[in-house]
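Accompanying notes for the structure given below.
What follows draws every value from the coordinates through simple rules; no lab data is involved. Treat the numbers as computed from the prediction; the structure is a model and nothing was measured. Every residue, glycine as well, gets a Cβ built from its backbone with ideal geometry; the counts of neighbours run over all protein chains shown.
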Amino acid sequence: MIKIEVKMKKPLSEMLDAEIKKERKKIMLNAVTKLRDATPIDTGAARTAWELGKLDRIENDKDYIYDLNRGTSRQAGPRFIERTLLSTGDFVPNGRMVSKS
């Protein structure tokens, strides 16, 4: 019988953290793509304004996106943002999903 002791180059926790970050980014980028597809289009400005923010946030800096989400467009009903995010299967409601900043 022999025993072999090795030391990994990176701690397992670092390797797992890296994989988790990679998977989280993939999920968030997919959500941005889905939101772009679901956003009502007139000039295209609101559709192209979706981006990843810091701390697992998805942002859209168009002043009128909040109103669009309230149902002011005939192209997408009320709460299209919440419906789109929940339809991915990657998110669950946690209080208010969409807030006006």
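Numbers below:
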| read-out | value |
| --- | --- |
| GNM top mover of Ser13, Ser87, Ser73 - the chain, alpha-carbon springs below 10 Å | Ser13 |
| Cβ-based exposure ranking for Lys9, Lys3, Lys22, in which fewest neighbours within 10 Å come first | Lys3, Lys9, Lys22 |
| For the chain, the Rg and Dmax computed from alpha carbons only, in angstrom | 19.4, 74 |
| Over 23 Å between alpha carbons, listed pairs Lys54/Lys100; Lys21/Lys62; Lys25/Lys54; Lys22/Lys54 | Lys21/Lys62 |
| Spacing of the two label points (7 Å from each Cα toward its C-beta) at Lys21 and Thr43, in nm | 3.7 |
| Top of Pro40, Pro11, Pro78 by mean-square fluctuation, Gaussian network on the chain, Cα under 10 Å | Pro11 |
| Least to most buried among Val92, Val98 (fewest other Cβ within 10 Å first) | Val92, Val98 |
| Nearest-ten-degree value, helix 12-38 long axis tilted from longest Cα axis of the chain | 20 |
| Fewest-first sequence of Glu82, Glu5 by Cβ atoms within 10 Å of each Cβ | Glu5, Glu82 |
| Choice from Glu23, Glu51, Glu14 with maximal GNM fluctuation in the chain (Cα, 10 Å cutoff) | Glu14 |
| Förster radius 41 Å - calculated FRET efficiency between Lys54 and Lys3 (Cβ-Cβ, nearest 0.05) | 0.35 |
| Selection from Phe91, Asn60, Ile41 lying farthest towards where the dipole of the chain points positive, charges on Cβ | Phe91 |
| Modelled FRET efficiency - R0 25 Å, Asp61 with Met97, Cβ distances, 0.05 increments | 0.90 |
